[in-house]
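The values are calculated or read from the model by the stated rules, or taken from the named source; none is laboratory data. Computed from a prediction, not measured in an experiment: that's the story for all the values here. We place every Cβ from the backbone using ideal geometry, glycine too, and count neighbours over all the protein chains shown.
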Amino acid sequence: MNIPEIKLGIIAVSRDCFPIGLSEMRRKNIVSAFGEGLYECPVTVENEADAQKAIDDVKAHGVNALVVFLGNFGPETPETLLVKKFDGPAMCIAAAEGDGDLIDGRGDAYCGMLNCSYNLGMRKLSAYIPEYPVGDAEDCVKMIKDFVPVARGILGVRNLKIITFGPRPQDFFACNAPIKGLYEIGVEIEENSELDLLVSYKEHAGDARIPEVIADMKKEMGGNIYEDMLERMAQFELTLLDWAENHRGDRKYVAFADKCWPAFPEQFGFEPCYVNSRLAARGIPVACEVDIYGTLSEYIGACVTQDAVTLLDINNSVPKYIYDEEIKGKFNYKLTDTFMGFHCGNTPSCKMCDGCGVKYQLIQHRLLEPAGSEPDFTRGTLEGDIAPSDITFFRLQCDSEGNLRSYIAQGEVLPVATRSFGGIGVFAIPEMGRFYRHVLIQNRFPHHGAVAFAHCGKALYEVFKYLGVTDIEYNRPANVRYAHENPWG
């Protein structure tokens, strides 16, 4: 319920000096090839009055993601007004020739697409245009299906409220988040005190729903959980869910960025990590350390993949002895291509190896509880190795100057035991060492990165581009130099 459901619609446009039947035939061929799930607007747009009729029609049929189809050259003003008037993400594609002769059956949409793009720019409108936006019915179906995860990301962002409980921990300037960038892309934010959260938590004591949540936690974790912690954690989960429902306002979707240390565990009596992981598994990311752009990134990843996501520190290098024993000669990665992604225990259990369990936060135990004592209020993290998987590591960030910038890097979690603590995995990304130096360090990105458990860089790139982000970095191949990379090594 926290991720958009896409209802696609297609509107064909036609330049009045070209056969309108050509656009209509080609539109019908696309709808037929697509199958269920693509609404066919019966209005073929030749002029501005047609454009308004078409918009009214698709709105009446619940369309929230629009395909503007140039079945022939297309009318420049009406087709771009469709993008302007439609309240949702739109894509523009064009028909290839080949389904008729080259006299009465030639549409020139290849040419018309250039003018479409020019007019979108004149009106400062955003539209998704595929890498090669011209094709027959089968080609266009593939383009439209590529558009779906992009549209989910755009709709999610435009209807998102990020709720924070802060402020960020002292000395975590890396999680500083100028909110200017949020407003620029349409995200709403509600900033609260950690004390507000504590008051609400106490009000949920004895909530009649707690036993049901406890039963679900037991089912999820089996015996790998602290029995005496269950009521507190269930009470906190209900606190967050109720806050989301009562504070979403006019927004459809919610994500959290919460302060989780140093005061939280002692005052609440547990670490929030496991509960955070459960919400993330339901499409409601809860970022650690009030990382507002971390949770925004996570949420975009959840929309694109329709799957659980996580937020991890780009944390530590892989020791040479582990690389030599477990990776070298078995996987096509250099030592510098590898690193460990870690956080205290916020990764959903569905993305963890068998045997993961709710344990205690070792770092906080060292800091907050007496030396040599058994862990008490520092319990509540979800510990274990992250399961092998394709991944995309990425982040959308507003820098200290108020500029939106981002990175995307595809790789994998290797089937290699970490021999460490927390929610942690051995990650491998081609040319990670250079990416680490010339993107993450050079462009001053913080230590947190969002992780989607799939290769979804293509869709993420289009989402960021649609949102107006012009600085989108990636892990460049060995033969492609970064701007600040020393050419002599």
Q. Gly223: modelled with pLDDT under 95 and more than 29 Å from the chain's Cα centre (by Cα), yes or no?
A. yes
Q. Which of the following residues is of a type in the set (Gly, Ala, Ser), within 18 Å of Tyr253 (Cβ to Cβ), surrounded by fewer than 22 Cβ atoms within 10 Å (Cβ to Cβ) and in the same structural domain as Val254 (by TED's automatic domain parsing): Ala302, Ala281, Ala308?
A. Ala281
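Listed here are the residues, each with its yes/no results for (1) surrounded by 12 or more Cβ atoms within 10 Å (Cβ to Cβ); (2) touching a helix residue (DSSP H, G or I) at 6+ places or on another chain (Cβ under 8 Å); (3) assigned by TED's automatic domain parsing to the domain that holds Phe464; (4) β-branched (Val, Ile, Thr).
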site: Gln170; (1), (2), (3), (4): no, no, yes, no
site: Gly181; (1), (2), (3), (4): yes, yes, yes, no
site: Val187; (1), (2), (3), (4): yes, yes, yes, yes
site: Ser193; (1), (2), (3), (4): yes, no, yes, no
site: Ala208; (1), (2), (3), (4): no, no, yes, no
site: Val213; (1), (2), (3), (4): yes, yes, yes, yes
site: Met217; (1), (2), (3), (4): yes, yes, yes, no
site: Tyr226; (1), (2), (3), (4): yes, no, yes, no
**Q.** Among residues of segment 336-377, those that are assigned to a loop (DSSP other than H, G, I, E, B), of a type in the set (A, V, I, L, M) and touching a residue at least 60 places away in the same chain (Cβ under 8 Å), counted
**A.** 0
Q. Do you know which residues across segment 124-162 are among the aliphatic types (A, V, I, L, M) and touching a Ser or Thr at 6+ places or on another chain (Cβ under 9 Å)?
A. Leu125, Ala127, Ile129, Ala137, Ile154, Ile162
Q.
One residue is enough: does segment 120-138 have a residue meeting the conditions modelled with pLDDT under 95 and β-branched (Val, Ile, Thr)?
A. no
Q: State which residue pairs qualify: first residue in the same structural domain as Pro19 (by TED's automatic domain parsing) and inside segment 39-53, second residue loosely packed, with under 14 Cβ neighbours inside 10 Å and of a type in the set (Gly, Ala, Ser) in any location, beta carbons under 9 Å apart, and separation of 6 or more residues or different chains.
A: Tyr39/Gly62
Q) So Glu97 fits all but one of (1) assigned to a loop (DSSP other than H, G, I, E, B); (2) acidic (Asp, Glu); (3) closer than 23 Å to Arg158 by Cβ; what number is the exception? A) (3)
Q.
Within segment 351-375, take every residue that is crowded, with 17+ Cβ neighbours inside 10 Å and charged (D, E, K, R) and give me the one that is nearest to Glu266 (Cα to Cα).
A. Glu369
Q: Would you mind listing the strands (runs of 3 or more DSSP E) fully within segment 384-489 where at least 1 residues are closer than 29 Å to Val358 by Cβ and in contact (Cβ under 8 Å) with a residue 12 or more places away in the chain?
A: 389-398, 404-413, 423-428, 448-452
Q.
Contact list please: Cβ distance under 6 Å, first residue in segment 316-335 and more than 22 Å from Gly422 (Cβ to Cβ), second residue of a type in the set (A, V, I, L, M, F, W, C), pairs at least six apart or on different chains.
A. Tyr333/Ala428
